[in-house]
Amino acid sequence: MYKVKVSSEKKAKIEEGMIGLFFEDINYAADGGLYCEMLENYNFEALEATGDFDDYHTAYDGLYGWEPYPYDGAGAMLETFNEGGVSRENPHYLVFTASSEQPGFSNKAYDGIYLNKGEKYRISLYMRRHENYEGAVYAVIDAWGEAVQSIELAPAVEGSDKNTEWQKIDVEFTAEEEVNAGTFAITLEYEGRADFDFISLKPENAVEGVFRRDLAEKLRALKPGFLRFPGGCIVEGNTLDNRYQWKRSIGRREDRKNNWNRWAVHGNNKENNFKGIYSHYNQTLGLGYYEYFILCEYLNCEPLPVMNVGLACQYQSTQLVNIEDEAFQEYIQDVLDLIEFANGNENSVWGKVRCEMGHREPFNLKMIGIGNEQWETDKVDFFKRYDMFEAAIHEKYPDMRLIGSAGPNVEDKYYDAAWSFYREKKNALEKPIEKYVYAIDEHYYRNPDWMLKKSRFYDNYPRDIKVFAGEYAAHVVPGAFNNPSSNNLYAGLCEAAFMTGIERNADVVVLASYAPLFARIDYTQWSPDMIWFDGKSSYATPSYYVQQLYSVYTGKYTLDINTGDELSEGLYTSASFDGEKQKLYVKLVNVTDNDMEINMDLGEAAKLMGKEALTKAEEIVLTGNKEDVNSISEPEKIKPVCSNIIIDEKYILKGNSFAVLIF
């Protein structure tokens, strides 16, 4: 029989908001995902990206995703021009010539548009008539090759009423039919010519008018403590020009300069001629830094932006800005300006920009990541860069918490060098180490067995410098594209086992986030992922529920929990207590196929709660077959089940399960 004894001895304080989220625009997580825009290449600025390490190329492909409508006609012409447009930053627009057989043009919209009958949607666009066209303009919803709904965007005009300047059009409509993978088209009433730009289709129920509701609500249900954004490798870019530049992501949506996504070239090789299936993966930046801060408010969590330190992605490039170059100071200034944008008042330069965008109150930014996944080499002087960023930031903002980097892996020479650097720095500082670096970002994408073996990874860590477990996931199938089956129950259980060690060692690990967060089905460069979705619906994975159970059901400090030598036999445990709520949380993970009979010794914990014994508990269990996965067709095949139970010393922990007992 297994034995679990929970002590009344308070151990590590658990930081409020310890379990958070890591958002990266990978797997079409922003455009095509959380950002509620349903159309693709709505700004006619698409770039096709090709190439590989240190040799990347982009070609303008402004008509990507657009074609004449209907498809079986002839005569229509689509062209792009870049003079006299709506935006200087995104100058291209569509010049469309309608024919009698093809009066319109349609959008690819990833794998088509999805509309729910009876729900409201909004179409917005810019249009400019040519002299030869006075007819009406319509939006058409096509399903199963048939136009099922027509929405008038602009009525016909005559003579002097005709305006040949750019006009902003904004129309709301209610979907008359359920549409799955349908076609969105714009048509002219008869032959003629007109210009179009920034054509948008969004659901009216989008959270804050920006975030796709089902995805945003799944994030909120996690009750995260923080949101790290805008990503990992895209912070660096495969070239420095390709990096995420926050100043390009704010202001009027039309003026946010389109960028190619670093993940557009993932998987390129000689065999595919260095051109992958995601070569048109772009960032329109409709989801920009302002929106990330708004999302943090919606989620009631702390923002944690990550900033570039003058290095392109070290996995994909050797490009960098030398610290002696004047241009390097621009990277430091970008961080200082971001803090002012987030926290400054209306009398500051960047605080005024935030106020003008509609948010007068500061965002109360407290933490910033300095570099994403950097490591020191004979050519990359990351440690000096960190020193320079730290000095400049803390001179002006001494209380800002900074996150350092331990490199892309743990247990390698770069990881060892990073920790040596921070520990040597600690010994030389005349201020507390947390005023230099609040926590060190560590990443672990490892197989499930590693997660199990390393559940005590932090037990013997020195307690003087804190850790941010910034990216982790159990990889059942390493390097898999478009593989939802990689998010099976066993992967989630191994993550839960590893996280017992994170929770037990909360005096070392102060922040933790699974990665990546989102994956659009058939548009995925990296598996596994926490939430999968298509154009219509989404589902949570077992890994999602593991994160949720840790985020929602964790106390204020840990209690000692003793299982003897049973850890090697597949049982993983942690316990925490919340004095304010008078709640005891016991987490138990069983990665074996067999049920475990556990003798629960809760006598000391009962005294902590002023009781003689603890027998009544709320039980939340995540269990099933190891290979079980959720899916679009079976979104809740694996999900937590809640019940009230009586524990009379013995508790049966099901095989292949993660249980949270709440007393």
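Suppose we filter region 157-178 for residues that are open to solvent by 80 Å² or more (accessible area, probe 1.4 Å) and not in a loop (DSSP other than H, G, I, E, B); how many remain?
Total satisfying the criteria: 5.
What is the number of the single condition among (1) aromatic (Phe, Trp, Tyr); (2) open to solvent by less than 20 Å² (accessible area, probe 1.4 Å); (3) under 30 Å from residue 595 (Cβ atoms) that residue 2 does not meet?
Here residue 2 clears every test but (2).
How many residues, within region 340-352, are surrounded by fewer than 19 Cβ atoms within 10 Å (Cβ to Cβ) and either in contact (Cβ under 8 Å) with a residue 60 or more places away in the chain or in contact with a Ser or Thr (Cβ under 8 Å, 6 or more places away or on another chain) (or both)?
The total comes to 0.
Find the residue count for region 214-251, including only residues that are farther than 30 Å from residue 55 by Cα and either aromatic (Phe, Trp, Tyr) or free of Cβ contacts under 8 Å to residues at least 40 places away in the same chain (or both).
2
Would you check which residues across region 481-497 are part of a loop (DSSP other than H, G, I, E, B) and among the polar types (S, T, N, Q) and list them?
If the condition is that a residue be part of a loop (DSSP other than H, G, I, E, B) and among the polar types (S, T, N, Q), then 482, 483, 487, 488 are the ones that fit.
Would you tally the residues in region 232-258 being of a type outside the set (Val, Ile, Thr), at pLDDT 95 or above and over 18 Å from residue 321 (Cβ atoms)?
Total meeting the criteria: 9.
Of all residues in region 259-279 being modelled with pLDDT of 95 or more and on the phi > 0 side of the Ramachandran plot, which is least open to solvent (accessible area, probe 1.4 Å)?
Selected residue: 274.
With respect to residue 505, is the statement that it is of a type in the set (S, T, N, Q) and farther than 24 Å from residue 636 by Cα true?
Numbers: of a type in the set (S, T, N, Q): yes; farther than 24 Å from residue 636 by Cα: yes.
So residue 505 passes the test.
Quick test of your reading of the structure: residue 245 fulfils all but one of (1) over 20 Å from the mean Cα position of the chain (by Cα); (2) open to solvent by 30 Å² or more (accessible area, probe 1.4 Å). Name the failing condition by number.
Among (1) over 20 Å from the mean Cα position of the chain (by Cα); (2) open to solvent by 30 Å² or more (accessible area, probe 1.4 Å), residue 245 violates only (1).
Kindly indicate the residue of region 127-138 that is touching a strand residue (DSSP E or B) at 6+ places or on another chain (Cβ under 8 Å) and open to solvent by 30 Å² or more (accessible area, probe 1.4 Å) and also nearest to residue 156 (Cα to Cα) among those meeting that condition.
134
Of the residues that sit in region 8-57 and are polar (S, T, N, Q) and at pLDDT 95 or above, which one is nearest to residue 516 (Cα to Cα)? Break it down stepwise before answering.
Just the residues of region 8-57 that are polar (S, T, N, Q), to begin with: 8, 27, 41, 43, 50.
Okay, now just the ones that are also at pLDDT 95 or above, so 27, 41, 43, 50.
On the way: 27: 9, 41: 24, 43: 27, 50: 23 Å.
Checked region 8-57; the qualifying residue nearest to residue 516 (Cα to Cα) is 27.
Suppose we filter region 215-242 for residues that are open to solvent by less than 40 Å² (accessible area, probe 1.4 Å), within 20 Å of residue 531 (Cα to Cα) and assigned to a helix (DSSP H, G or I); how many remain?
Summing the residues that are open to solvent by less than 40 Å² (accessible area, probe 1.4 Å), within 20 Å of residue 531 (Cα to Cα) and assigned to a helix (DSSP H, G or I) in region 215-242 gives 5.
Among the numbered criteria (1) of a type in the set (S, T, N, Q); (2) over 16 Å from residue 516 (Cβ atoms); (3) touching a residue at least 24 places away in the same chain (Cβ under 8 Å); (4) open to solvent by 10 Å² or more (accessible area, probe 1.4 Å), which single criterion is violated by residue 482?
(2)
Do you know which residues across region 566-600 are part of a strand (DSSP E or B) and either in contact with a Pro (Cβ under 9 Å, 6 or more places away or on another chain) or surrounded by fewer than 15 Cβ atoms within 10 Å (Cβ to Cβ) (or both)?
Correct list: 597, 599.
Collect the residues in region 87-118 that are over 18 Å from residue 64 (Cβ atoms), touching a residue at least 40 places away in the same chain (Cβ under 8 Å) and open to solvent by 30 Å² or more (accessible area, probe 1.4 Å), keeping them in residue-number order.
Within region 87-118, 88, 89, 97, 100, 103, 114, 116, 117, 118 meet the criteria.
Would you pick out the residues in region 15-56 that are β-branched (Val, Ile, Thr) and either farther than 30 Å from residue 595 by Cβ or touching a Cys at 6+ places or on another chain (Cβ under 9 Å) (or both)? Let's see the steps before the verdict.
The initial filter retains those residues of region 15-56 that are β-branched (Val, Ile, Thr), namely 19, 26, 50.
Scanning region 15-56 gives 26, 50.
For region 280-294, name all the residues that are open to solvent by less than 10 Å² (accessible area, probe 1.4 Å), of a type in the set (Ser, Thr, Tyr) and not in a loop (DSSP other than H, G, I, E, B).
289, 292
The values are calculated or read from the model by the stated rules, or taken from the named source; none is laboratory data. Every value quoted in this text rests on a predicted model; they were computed, and no experiment measured them. Note that we place each Cβ from the backbone using ideal geometry, even for glycine, and neighbour counts take in every protein chain shown. In case anyone asks, the SASA skips ligands and DNA or RNA and just uses the protein heavy atoms, side chains included. Shrake-Rupley method; radii C 1.70, N 1.55, O 1.52, S 1.80 Å.
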